[in-house]
Amino acid sequence: MDPIVQKKRLTRREASDYLLRIHGIRRKPQTLAKLACEGGGPTFRRDGRRCLYDVKELDEWVDAILTPPMRSTSDAS
């Protein structure tokens, strides 16, 4: 099993890698940092200056930002 997936909390760089490898979602660590400042990103915790992301909460965030399955672009309303 992937060592990153086995971890409970991920650094910002690991979270970026996880989102791409597990969900196919591209978010650079810098984008996650911007979302942490502006809002709209996955929830995180701090360990001093370092941000840590729970795998479960990353998965929930992906579910929240993706649309339901569609068969056509005209399904999007």
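Every read-out reported here was derived from the displayed coordinates using simple, explicitly stated rules and does not represent laboratory data. These numbers were taken from a predicted model, which means no experiment stands behind them. Heads up, the Cβs are rebuilt from the backbone with ideal geometry, glycines too, and the neighbour counts pull from every protein chain shown.
Observations, loosely collected:
- Under the condition of being assigned to a helix (DSSP H, G or I) and either of a type outside the set (Lys, Arg) or touching a helix residue (DSSP H, G or I) at 6+ places or on another chain (Cβ under 6 Å) (or both), the residues counted in the range 6-50 number 21.
- Any chance Pro68 is touching a residue at least 24 places away in the same chain (Cβ under 8 Å) and not in a helix (DSSP H, G or I): no
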